Amino acid sequence: VQLQASGGGLVQAGGSLRLSCAASGLTFSGYTVGWFRQAPGKGREFVAAIRWSGGSTSYGDSMKGRFTISKNNAKSTVDLQMNSLKPEDTAVYYCAAGRTILSSRSSAEAYAYWGQGTLVTVSS
């Protein structure tokens with residue numbers, strides 16, 4: 001199983017980026033797909049998650065209203081639209097997949113499969 005995160009890059013504060021997570025060796029059906037991020041010198045932080053079946057979503061507090069997680073059925077990807085980016089959003093963003101329950105989807109330990117990460121840099 002491999003997860004591939006893509007779409008990172010350099011953007012100015014206030015700008016937008018769209019990340020995408022694709023899987024090989026696994027179909028997202030029956031899984032929750034989450035995005036986490038890790039800034040230099042900090043721990044891994046929950047960003048957002050979506051349950052593929054049903055589409056229920058969850059967000060970290062600092063992302064609500066700015067980030068949107070969605071699934072693309074045609075491409076079998078999970079996308080993270082990030083708007084109004086701030087310098088403090090600078091981090092490596094990871095996608096992950098796991099058979100989680102609602103109460104645990106913000107916990108990294110609930111996810112069995114992880115992608116390699118994509119770097120997002122927001123300049124001030």
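Going Cα to Cα from Lys71, which aspartates and glutamates come in below 16 Å? Please leave out same-chain ones fewer than 8 positions away.
Asp79
Using a Förster distance of 22 angstrom, determine the FRET efficiency expected from the C-beta separation of Leu26 and Lys86, and round it to 0.05.
Approximately 0.10, to the nearest 0.05.
Could you work out how much longer the chain between Asn73 and Gln38 gets when fully extended? Use 0.36 nm per residue separation minus the Cα distance between them, nm to one decimal.
Full extension from Asn73 to Gln38 adds 9.8 nm.
With θ set to phi - 60° and the Karplus curve 6.51 cos²θ - 1.76 cosθ + 1.60, what are the ³J(HN,Hα) couplings of region 78-88 in order, to the nearest whole Hz, using x for Gly and Pro?
With coefficients 6.51, -1.76 and 1.60, one gets 10, 10, 10, 8, 10, 10, 6, 5, 10, x, 6 Hz.
Taking the Cα centre of the chain as the origin, how large is its charge dipole in debye, to the nearest 20, when only Lys and Arg (+1) and Asp and Glu (-1) carry charge on their Cβ atoms?
I would put it at about 180 debye.
Mind giving me the nanometre distance, one decimal, between the label points for Ser104 and Arg18, set 7 Å out from Cα along Cα→Cβ?
Output for this residue pair reads 3.3 nm.
Among 10-22, 76-88, how do they line up from the highest to the lowest mean number of other beta-carbon atoms within 10 Å?
My ranking of the peptides, most packed first, is 76-88, 10-22.
Using the Karplus curve 6.51 cos²θ - 1.76 cosθ + 1.60 with θ = phi - 60°, work out ³J(HN,Hα) for each residue of region 33-43 in order, rounded to whole Hz, and write x for Gly and Pro.
10, x, 10, 10, 9, 9, 8, x, x, 10, x
With a 1.4 Å probe and every protein chain kept in, tell me what percent of the accessible surface of the chain is carbon plus sulfur.
It is 48 percent, rounded to a whole number.
The values are calculated or read from the model by the stated rules, or taken from the named source; none is laboratory data. Just so it is clear, the model here is predicted, and its values are computed rather than measured. Quick reminder, even Gly has a Cβ in these numbers, built from the backbone with ideal geometry, and neighbours come from all protein chains shown. In case anyone asks, the SASA skips ligands and DNA or RNA and just uses the protein heavy atoms, side chains included. Shrake-Rupley method; radii C 1.70, N 1.55, O 1.52, S 1.80 Å.
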